[in-house]
Amino acid sequence: MQESDRKGLPRTTEGLRPKLLPEGKQNPESRFPNPESRILLHTTAEDHHVARMAAVALGLTLLEGAIPSPLPGVKPGLANIVTLIVLARYGWRTAVWVSLLRVFAGSLLFGNFLTPGFFLGLSGALFSLLVLALAQHLPKRWFGPVSHSIYAAFAHIAGQMAVVYLWLIPHAGIAYLIPIFATAALVFGTVNGLIAARFMDNANNGISSRGGAENAEKIK
């Protein structure tokens, strides 16, 4: 089969058609060993933990968005419960992944990516993570999930207030809102810390009971 080009000369179109090869055979002219193969992503157990916990944190963020707030910016911070649990079980590095994934994915779902609301949430998350990085080195005998949650809540508010003052509302009048936000951080931080501690206690008790049952079976 031939067709004419712009100058009227015949030009074959056989080279323009894709060559259909029998199933299971490879194209010898291809640079790839198997161009029709799928791309496989090799994941680890840590990747699965991060994905699951980030999904839970994102679900709590969506639930929190449906709760009416008496004052803009005052939210319970339910997703911080997941961050505290991840920090205690998997470490600070995994907690960073979960927190940042929650912030970015939540902004995309709510449609406020790269808006002032997104940067407020991102600054609060970063400040909280920095404080948790220091708080995890405190003596565990005296400092636990509740104190960590309170520190993270105050750091979250501090990060947001810094962005508001330096970028959105550079006015000293926002200082009058500090007592309100500080009270909310203390209350919600305490409640979230108690919930996280309860979840971790239940998980530890479950692990202990399973371990005792396995030891009893081995003795028998």
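The values are calculated or read from the model by the stated rules, or taken from the named source; none is laboratory data. Since the structure is predicted, the reported quantities are computational estimates derived from the model, not experimental observations. A quick note on method: Cβ atoms are made from the backbone with ideal geometry, for glycine too, and the neighbour counts reach across all protein chains shown.
Taking the criterion of being without any contact (Cβ under 8 Å) to a residue 40 or more places away in the chain and over 17 Å from PHE127 (Cα atoms), the residues of the stretch 178-201 that qualify are PRO179, THR183, VAL187, ARG198, ASP201.
Is it the case that LEU109 is under 15 Å from the mean Cα position of the chain (by Cα), buried (at least 17 other Cβ atoms within 10 Å of the Cβ) and at pLDDT below 90?
Considered against the rule, which asks whether it is under 15 Å from the mean Cα position of the chain (by Cα), buried (at least 17 other Cβ atoms within 10 Å of the Cβ) and at pLDDT below 90, LEU109 comes out as no.
Filter the stretch 177-203 down to the residues that are of a type in the set (Phe, Trp, Tyr) and surrounded by 19 or more Cβ atoms within 10 Å (Cβ to Cβ), then identify the one that is nearest to PHE119 (Cα to Cα). Give the derivation first.
In the first step, residues of the stretch 177-203 are kept if they are of a type in the set (Phe, Trp, Tyr); the result is 181, 188, 199.
Those left that are additionally surrounded by 19 or more Cβ atoms within 10 Å (Cβ to Cβ): 181, 188.
Values: PHE181: 18, PHE188: 21 Å.
Applying the filter and picking the extreme gives PHE181.
Summed over the stretch 85-102, the residues that are surrounded by fewer than 22 Cβ atoms within 10 Å (Cβ to Cβ) and aliphatic (A, V, I, L, M) give a count of 4. Just one of the numbered conditions (1) under 25 Å from the mean Cα position of the chain (by Cα); (2) surrounded by 13 or more Cβ atoms within 10 Å (Cβ to Cβ) is not true of ILE174: (1).
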